[in-house]
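**Student:** I have a structure here, written as structure tokens, and I will follow up with some questions on it.
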Amino acid sequence: MEDLVRNFLLYLSGIKNYSVNTLNAYASDLVDFLSFTGEKGIAPDEVNLAVIHNYLSYLKQRGYSAFSIARKLSSLKNFLFFLTEAKGYKIDYLDLLEGPKLPKRLPKVLTLDEIEQLLKAPDISHPLGFRDRTMLEVLYATGLRVSELVGLTLENLNLSLGLVRVWGKGEKERLVPVGEVALRFVEKYITEVRPLFVTRKSEKYLFLNRRGKPMTRQRFWQIIKEYALKAGLPPEKISPHVIRHSFATHLLEGGADLRALQMMLGHASLITTQIYTHLDFSKLRKDYERFHPRAR
């Protein structure tokens, strides 16, 4: 079973071009399944619908949320599909696998005032503070995923056109416009601040740490939490993805086209983007209840 999982991960990496983070998530999910089958003494050809149902019950007993169980089941189904397509296994129960019913969960977003508070938290008189403010400005101006943000290189930027080239999930390329405020910060950062950190090994990357190495996802996550505290915002409410959701929501509230938003976010399907229309309706309802004299 371990060899089959290893082959599956190599397939995702070499053929599907999945990112390291996605590969790690798949590996973690499948290791859990391997541990379960190993403890039960179940061989690969003995895995059936009943075994998987027992596995899902086992996860629930261990306290996993419905969302976590659904994700693990999705990883397992993709692995089993790989076994049928690439390894010739006869698995006829894939369509019968159903995960737990998930509650509708709208993404958290920040208000415009909260965004302003967060953006103004860094001390831009200090080089590191200016770098942090620039990263926050670019993140809110583009809605990039945090991995896309820290992976930006100088070649990705076209300052004259106000565009950034991004390689998202599955190495799919897209162009995203950047607002004037963020562009001004980027231009000053490149000319005045970045040279203070740059080393030979990091010449191509846009955002660097104090040692001249590329900024990491984990470190930028910590930085955002620190500025949330400084701005008087609850740290548990703030993350790079919350800023991405805020970017999308604020664009829709301003009248942006859903298809254009899909392209900027790099969503493969418009269905994924449509969650923001539900969130926009939620705000509309709250505004109605707040301001209409006969709403309640």
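**Student:** Quick one: which residue in 144, 161, 196 is surrounded by fewer than 18 Cβ atoms within 10 Å (Cβ to Cβ), touching a residue at least 60 places away in the same chain (Cβ under 8 Å) and aliphatic (A, V, I, L, M)?
**Tutor:** Among 144, 161, 196, only 196 is surrounded by fewer than 18 Cβ atoms within 10 Å (Cβ to Cβ), touching a residue at least 60 places away in the same chain (Cβ under 8 Å) and aliphatic (A, V, I, L, M).
**Student:** Would you confirm, using the coordinates I've provided, whether residue 109 is within 16 Å of residue 250 (Cα to Cα) and modelled with pLDDT under 90?
**Tutor:** Here the answer is yes, as residue 109 does meet what is asked.
**Student:** Given the options 175, 229, 206, name the one that is of a type in the set (A, V, I, L, M), assigned by TED's automatic domain parsing to the domain that holds residue 155, in contact with a strand residue (DSSP E or B) (Cβ under 9 Å, 6 or more places away or on another chain) and surrounded by fewer than 19 Cβ atoms within 10 Å (Cβ to Cβ).
**Tutor:** 175
**Student:** Based on this model, can you work out whether residue 118 counts as closer than 19 Å to residue 42 by Cα, of a type outside the set (Gly, Ala, Ser) and under 27 Å from the mean Cα position of the chain (by Cα)?
**Tutor:** Here the answer is no, as residue 118 does not meet what is asked.
**Student:** For the range 1-28, how many residues are in contact (Cβ under 8 Å) with a residue 60 or more places away in the chain and either in contact with a strand residue (DSSP E or B) (Cβ under 6 Å, 6 or more places away or on another chain) or in a helix (DSSP H, G or I) (or both)?
**Tutor:** 7
**Student:** Return yes when residue 65 is in the same structural domain as residue 7 (by TED's automatic domain parsing), touching a residue at least 40 places away in the same chain (Cβ under 8 Å) and not aromatic (Phe, Trp, Tyr) and no when it is not.
**Tutor:** Taking the combined requirement at face value, the residue does not satisfy it.
**Student:** Which is within 30 Å of residue 243 (Cα to Cα) and surrounded by 13 or more Cβ atoms within 10 Å (Cβ to Cβ), of 118, 76?
**Tutor:** Being within 30 Å of residue 243 (Cα to Cα) and surrounded by 13 or more Cβ atoms within 10 Å (Cβ to Cβ) holds for just one of 118, 76, which is 118.
**Student:** Residues in the range 31-51: is at least one closer than 30 Å to residue 276 by Cα, among the hydroxyl-bearing types (Ser, Thr, Tyr) and not assigned by TED's automatic domain parsing to the domain that holds residue 243?
**Tutor:** So far as the range 31-51 goes, no, none of its residues is closer than 30 Å to residue 276 by Cα, among the hydroxyl-bearing types (Ser, Thr, Tyr) and not assigned by TED's automatic domain parsing to the domain that holds residue 243.
**Student:** Exactly one condition in (1) in contact with a helix residue (DSSP H, G or I) (Cβ under 8 Å, 6 or more places away or on another chain); (2) exposed (fewer than 13 other Cβ atoms within 10 Å of the Cβ) is false for residue 113; which is it?
**Tutor:** Residue 113 satisfies every listed condition except (1).
**Student:** Residue under question is residue 225, and the condition is that it be part of a helix (DSSP H, G or I) and within 23 Å of the chain's Cα centre (by Cα); does it hold?
**Tutor:** Yes, satisfied.
**Student:** Could you tell me whether residue 180 is free of Cβ contacts under 8 Å to residues at least 60 places away in the same chain, in the same structural domain as residue 244 (by TED's automatic domain parsing) and exposed (fewer than 12 other Cβ atoms within 10 Å of the Cβ)?
**Tutor:** The answer is yes for residue 180.
The values are calculated or read from the model by the stated rules, or taken from the named source; none is laboratory data. All figures in this text were calculated on a predicted structure; none of them were measured in a lab. Note that we place each Cβ from the backbone using ideal geometry, even for glycine, and neighbour counts take in every protein chain shown.
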